[in-house]
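Bear in mind these aren't lab numbers, they're just calculated from the coordinates by the rules spelled out. Worth saying up front: this structure is predicted, and the values here are computed from it rather than measured. When we count neighbours, we look across all protein chains shown, and the Cβ atoms used for this are built from the backbone with ideal geometry, even at glycine.
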Amino acid sequence: MPENTNYVKEAAKEPLNIWGMVSFLAVGVYAYASHGLIHDFSWIPLVAGAAAETLYLSTLPVTTAYRRLVDRRASEKAFAEKQRQREQLIRTFDPRERDAVEYLRRLKFDIYKNYQTSTRSSELPDRIHGLDQAWEAYVDLLDTYRRRKYHLRSTNLTQIKNQIQQAERSIASAPDETTRRLFEQNLEFLEKRLRNYSNIENSMKRAEAQLQSIESFFQLVNDEVMTMQSPEQISALDFDSLLSSIELTKEIMEETAPVLSQLDAAERAASTSTRPPIAQRQ
């Protein structure tokens, strides 16, 4: 839960508190609208309501139990929102990518069902639930992989290499120092694009290998569940190793993420600076 959580505000929004204040206000309005003795004491429900609200807001928000309740609600809400966003993301995948995601999802549920059937237990061990985390990582990693794949497909590597050669020739034949520095700057951008292209390509290969590893692990767990003699057979599977490798791959992908934006900026700069002057194009 974020440190800036306003527990007093959360307590004020509780349905029980709202209905309580509405009740005090309704009694006050009724008393004021009535004739006779009750009319003279119409202020009492309002004062009592204000006192009760002050006591409520000064005690409930500071209790540990209530803060845990608020934190749990926030965690559940954040989890539900993350799940909703992931499902929206899956809908943007192409048919082949969606098929891969849905295949693993079905396989995961089949593993759960077969495990419960084999062990005659309604509970799943925590290690088996590690498949949930692995499936979510698969979706996120597949999204990163496909976006980088599309980016590289839109980049003409041959053109970059040709532009580098052209820039090197321009530097050698530059008429003055100022022009030479401009061509050198252009060459620097192009060489950086070439390095970035290689970095992104390498990160894609790692992501592809990780995706295949996740798929194979799901299939391995399914095989083990179908043939297991005891639940300990599943516990022997190296879930931790898979999850650790996924985290490492995600960290590496995050480290190379800025390369995409840098490559785009360099591409725009290079594409404009390597064009011949307008006078030569006319």
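For an R0 of 35 angstrom, estimate the FRET efficiency from the Cβ-Cβ distance between Lys82 and Gln233 and round to the nearest 0.05. Before the final figure, lay out each step's value.
Details: r = 32 Å, r/R0 = 0.92.
Between Lys82 and Gln233 the formula returns 0.60.
What nm value, rounded to one decimal, do you get for the distance between Lys13 and Ala51 when each label is placed 7 Å out toward the C-beta?
3.0 nm
Name the shape class, rounded, prolate or oblate, that the alpha-carbon gyration tensor gives for segment 130-226, where a ≥ b ≥ c are the square roots of its eigenvalues, rounded holds for a/c under 1.5, and otherwise prolate holds if a/b is larger than b/c and oblate otherwise.
Numbers: a/c = 5.31, a/b = 4.49, b/c = 1.18.
Here segment 130-226 falls in the prolate category.
With an 8 Å cut-off on Cα pairs and a minimum separation of 6 or more residues, tell me the relative contact order of segment 79-171 in percent.
Values: 21 pairs, mean separation 27.2, N = 93.
This gives 29 percent for segment 79-171.
Scale the Cα Rg of segment 92-281 by the rule-of-thumb value 2.2 N^0.38 Å and send over the ratio, two decimals. Show your work: numbers first, answer last.
Numbers: Rg = 24.5 Å, N = 190, 2.2 N^0.38 = 16.2 Å.
Ratio of Rg to 2.2 N^0.38 Å for segment 92-281: 1.51.
If you average 1/r across every pair of different Cα atoms in segment 180-258 and take the reciprocal, what Kirkwood value do you get, in Å? All intermediate terms of the calculation are to be shown ahead of the outcome.
Values: mean 1/r = 0.0639 Å⁻¹.
Evaluated on segment 180-258, it is 15.7 Å.
Rounded if a/c is under 1.5, else prolate if a/b beats b/c, else oblate: with a ≥ b ≥ c from the C-alpha gyration tensor eigenvalues square-rooted, which is segment 38-174? All intermediate terms of the calculation are to be shown ahead of the outcome.
Working: a/c = 4.01, a/b = 1.71, b/c = 2.34.
Since a/c reaches 1.5 but b/c is at least a/b, the shape of segment 38-174 is classed as oblate.
Give me the one-decimal nm value for the distance between modelled label points at Thr155 and Leu89, 7 Å along each residue's Cα-to-Cβ direction.
Distance between the two pseudo-spin positions: 2.2 nm.
What's the percent breakdown of Cα-Cα distances in segment 88-145 across 5 Å bins, shortest bin first?
The calculated distribution, bin by bin, is 4, 18, 26, 20, 13, 10, 7, 2.
Rounded to the nearest 0.05, what FRET efficiency do Leu220 and Leu182 give with R0 = 45 Å and r taken as the Cβ-Cβ distance? Could you check? Spell out each step's value before the answer.
On the way: r = 57 Å, r/R0 = 1.27.
That pair, Leu220 with Leu182, gives E of 0.20.
Would you mind pulling out the separation of the Cα centroids of segment 148-183 and segment 49-98, in Å?
52 Å
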